[in-house]
Amino acid sequence: MLELGGQTPTETDLVQDVSEADFMSKVIEGSKKVPVVVDFWAPWCGPCKTLGPMLEAAVEKARGAVKMVKLNIDENQMLAAQMQVQSIPTVLAFFKGQPVDGFQGALPKSEIDAFVSKIVQISGGDASGGIDEAIAEAEAMLDSCAAVDAAQIFAAILQKDGQNARAFAGMARAYVLMGDADQAEAILNGAPAEISESIEIEAAHATIELARQAAKAGPIELHMEKVKADPDNHEARLELAQALHANGKVQEAVEELLELFRRDREWNDGAARAQLFTIFDSMKPDDQIVLNGRRKLSSMIFA
């Protein structure tokens, strides 16, 4: 099992003040090990007060794959001039003793995060601090039904990155596998608002809905006999599709729902299409069942 991170670097390790006296050791020499981002700022600079904390957060999130130093240009005017800093905030990134990228002015958080990630990638590092690898391992455990082990990894990830949509979704799916849909839903409801409508969270909600349907689906044979007796029994066909899906017969479930849509697309407020979307949302977008099912549904809609 992947261990997440060992000892977390402290804020002092990752974000430091720098001056002309130690610029060479902290930036030029320091960047030979990991990239160093230099934030040129001044106490009177309003945009600096906005940019600085966001840049620090992005650096700390990278968990040691990049470091940051803050240089007050009022106290280090000669060095700022040597670096050709003409306005602030200015940010320069160094790697192997050389500047590799930079920007001027305040940027939105998304662009700051992207900048830090790019710097880490330039150095061949991992901006996620091992989190992406941990998520991949936990998701593989889910695929092999090792739900308890997966949940432990997702919980560790969320302790380090409380806004990771994949980890929230994975934790919910783990509890679904353990038969606790209510706890799975509670986990998703606890996700931060910023990620509550992400693709991963929506997919997990769909998985919970399908699990609840499966709990009361009943035997396939019962619904199949009803459909054979009356092919226009739409309720029976919908219940047959739910029972098929509950028993792992996803392709057959999709075919029954497509047939229901073909027979009466408006029945029960478009229940067939809604159920198809629930199934599709719960699966990987590039799954052949999803791709073929969406194509067939689209051809019916636009026929």
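Which one of these is open to solvent by less than 50 Å² (accessible area, probe 1.4 Å), of a type outside the set (Asp, Glu) and in a helix (DSSP H, G or I): PHE277, PHE261? First the steps, then the outcome.
On the way: PHE277 fails: open to solvent by less than 50 Å² (accessible area, probe 1.4 Å).
Unique residue meeting the criteria: PHE261.
Closer than 30 Å to PHE95 by Cβ, of a type in the set (Lys, Arg) and part of a helix (DSSP H, G or I): does that describe ARG166? Spell out the reasoning first.
Details: closer than 30 Å to PHE95 by Cβ: yes; of a type in the set (Lys, Arg): yes; part of a helix (DSSP H, G or I): yes.
Spelling it out, ARG166 is indeed closer than 30 Å to PHE95 by Cβ, of a type in the set (Lys, Arg) and part of a helix (DSSP H, G or I).
Here are some residues: GLU209, GLU200. Which one is within 27 Å of LYS296 (Cβ to Cβ), open to solvent by 50 Å² or more (accessible area, probe 1.4 Å), without any contact (Cβ under 8 Å) to a residue 60 or more places away in the chain and part of a helix (DSSP H, G or I)?
Details: GLU209 fails: without any contact (Cβ under 8 Å) to a residue 60 or more places away in the chain.
When all the criteria are applied, what remains is GLU200.
Out of the strands (runs of 3 or more DSSP E) lying entirely within region 38-157, which hold 1 or more residues that are at pLDDT 90 or above, hydrophobic (A, V, I, L, M, F, W, C) and surrounded by 18 or more Cβ atoms within 10 Å (Cβ to Cβ)?
Details: elements: 67-72, 90-95, 98-104.
Correct list: 67-72, 90-95.
The values are calculated or read from the model by the stated rules, or taken from the named source; none is laboratory data. All of these numbers come straight from a predicted model, not from anything done at the bench. Quick reminder, even Gly has a Cβ in these numbers, built from the backbone with ideal geometry, and neighbours come from all protein chains shown. Calculation scope for accessible area: heavy atoms of the full protein, side chains included, ligands and nucleic acids excluded. Shrake-Rupley method; radii C 1.70, N 1.55, O 1.52, S 1.80 Å.
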